[in-house]
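Have a look at the structure below, then the notes.
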Amino acid sequence: ELQIGCGKARPVRAPRGVELHCKGWRQEAALRMLCNNLDPECGERPDDLVVYGGTGRAARNWECFDAIVRSLLELEDDETLLVQSGKPVGILKTHPWSPRVLIANSNLVPRWADWEHFHELERKGLTMYGQMTAGSWIYIGTQGILQGTYETLASLARQHWGGNLAGRIVVSGGLGGMGGAQPLAVTLNEGVLVCVEVDRARIERRLRTRYLDAMTEDIGEAIRMAGTAAEQKRPLSVGLLGNTAEVLPEMVRMGFIPDVVTDQTSAHDELNGYVPAGVSCEQAAVLRSSDPGRYVEMALDSMAVHCRAVLDMKARGAVAFDYGNNLRAQALKRGVENAFDYPGFVPAYIRPLFCEGEGPFRWVALSGDPEDIAVTDRALMEAFPYKERMVRWLTMAEEKVSHMGLPARICWLGYGEREKAGLIFNDLVRRGRVKAPVVIGRDHLDCGSVASPNRETEGMRDGSDIVADWAVLNALVNVASGASWVAYHDGGGVGIGYALHAGQVTVVDGTDEAGLRAATVLRNDPAMGIIRHADAAYGRAVEVARERAIRIPMINR
Ligand code: NAD
């Protein structure tokens, strides 16, 4: 009998090994990845079905979770399961090449797309927050953001200090599902981090998984530890128990200005994500349910104070950037008119990669055996020896990154490379070099899959920041190309109404058919990034389209 845990028998854990419980590997993969999102080793608060990013959920409630599991176990190879905001709502006869699951999460008609309406519908049990990879079942733990954060900081270090962060101090907030990657990303770049986190348990979790080096409750001690390490050019990460809206202004008052300041608290969600100044985590939980209106007011006030401190640090010489949690827009609501004086990380550091069709390619070994990931790592290093940063990253990841749940890996790959990697993985499965099929997916934070004017599409050259057709086309393209499951969400990292985005996951089981499907998806999905950026007049994207013969009727025929 299948032992994965369920509403009644938790914890949930994905099945491992080569035995199929479903009628095909695509259904089995969806089942394992859904369970993996809620594995206590992987998700942040699995008892509440919360995977990461504030309240990003894998299923609407435990009853829905059980019904999704049952549906996947019964699903035929020519049927498609429909999931509406974490609830299984239909099973339709489709085609063998169609996706096995189609998911739509958190979408509201634009006129009403805000937290107020969302929370009202959530209370009525009609929707759930899907974040990006939570509700689309391809979260791989904190590693999922680690390489992106590492690359972002490496790019920052190249722009400002010629390559690394040695001797530099970074201040940030949040050690949650994604924010927890910051300490390792900074120390891998040889820098020093002080990360302010209000929840002791989150700090302890990052210490346990070796993402974080040390912890203190004292601001003076944190500054001293950071200063000494920076002087000695020794990498160090310190978790400082406290509230960003209190600690950052205090740092400014003390005259302590770091080299870099950013933030990854869940500022995108003023009710369930950000803890206001002056209240502990426990008090916050009580206030949230006893007086949600007051909670929201207090959280927004604190975000304004927090954002002003970031602006003060920038005015005194720190490099400030927004790390995609919408803190600036929240502060603007509270009258911080110059909140957008510091840039988001995409226009500052990531857009050139998007113009190459690069994005957060990730994969998971369904066998559950970490050796399978080691085999895929080596295969990529052999296939792309010229990608020096990728080789450096994979070598470090092998040594320093603990797996959370099913063994997984992330590495940014561009147009052409993703298709090649997918075919290599399919071949490894066919030849028995890895023990079971491999799941290939990505974050929704990708080059051609998202419309998010305060993040991925901030400051587009042609002013098309809020045009959302691209995200819809991306979802449709992935369905047409034969992905195993496709998801379309509102909200993601920046909150309801601020972003629309799509994701795909594709399974390779070693068959020719899986190879063809994977190649089609992994070619067309990043092609959307080239097309989107070429259309927005980015010269490099136009060049890439020409070099690689991507047909764009009014640019490159
Ligand atoms: P999470 O909810 O798992 O963690 C947020 C953490 O912030 C929690 O540990 C919480 O205790 C802490 N926190 C909340 N308010 C605080 C305060 N005032 N002071 C100190 N600590 C506080 O969320 P996550 O998955 O880590 O994501 C963090 C944010 O980053 C979210 O807004 C998310 O949407 C955004 N995000 C960014 C990217 C990116 O690419 N940059 C990717 C994913 C998510």
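Since every read-out is calculated from the coordinates, none of them should be taken as a lab result. What you are looking at is a predicted structure, and each value in this text was computed from that prediction instead of being measured. Backbone-built Cβ (ideal geometry, glycine too); neighbour counts: all protein chains shown.
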If you put +1 on each Lys and Arg Cβ and -1 on each Asp and Glu Cβ, how big is the dipole of the chain around its Cα centre, in Debye rounded to 20?
740 debye
So how strong a dipole does region 405-462 carry about its Cα centre when Lys and Arg Cβ are +1 and Asp and Glu Cβ are -1, to the nearest 20 debye?
500 debye
One finds, for Arg433 and Arg210 with R0 = 22 angstrom and r their Cβ-Cβ distance, a FRET efficiency to the nearest 0.05 of 0.15
Cleavage-rule hits (trypsin sites (Lys or Arg not before Pro)) in region 119-227: DSSP loop, at most 15 neighbouring Cβ within 10 angstrom
Lys124, Arg210
Computed label-point distance, nm, for sites Met254 and Gln232 using a 7 Å Cα→Cβ extension
1.9 nm
Under the definition of Cα pairs under 8 Å and six or more residues apart, what whole-number percent is the relative contact order of region 219-302?
24 percent
Please state the Cα pair-distance histogram of region 143-343 with 5 angstrom bins from zero: what percent is in each bin?
1, 8, 17, 21, 22, 16, 9, 3, 1, 0, 0
What does the charge count around Trp112 come to, taking other residues whose C-beta lies under 13 Å from its C-beta (Lys +1, Arg +1, Asp -1, Glu -1)?
-3
Summing +1 for each Lys or Arg and -1 for each Asp or Glu, what net charge is found among the other residues whose Cβ lies under 9 Å from the Cβ of Phe354?
-2
About its Cα centre, how strong a charge dipole does region 264-410 have in debye, to the nearest 20, once Lys and Arg get +1 and Asp and Glu get -1 at the Cβ?
420 debye
By what distance, in whole Å, do the Cα atoms of the chain stretch along each of the three principal axes, largest value first?
64, 53, 46
7 Å from Cα along Cα→Cβ at both Arg548 and Lys420: what's the point-to-point distance in nm?
1.1 nm
For the chain, build the charge dipole from Cβ charges (+1 Lys, Arg; -1 Asp, Glu) around the Cα centre, then report which of Asn164, Tyr52, Ala549 sits farthest towards its positive end.
Ala549
Please compute the length gained on full extension between Ala374 and Glu190, using 0.36 nm multiplied by the number of residues separating them and subtracting their Cα-Cα distance.
63.8 nm
Would you tally the net charge around Met298, using a Cβ to Cβ cut-off of less than 10 Å, leaving Met298 out, and scoring K and R as +1, D and E as -1?
-3
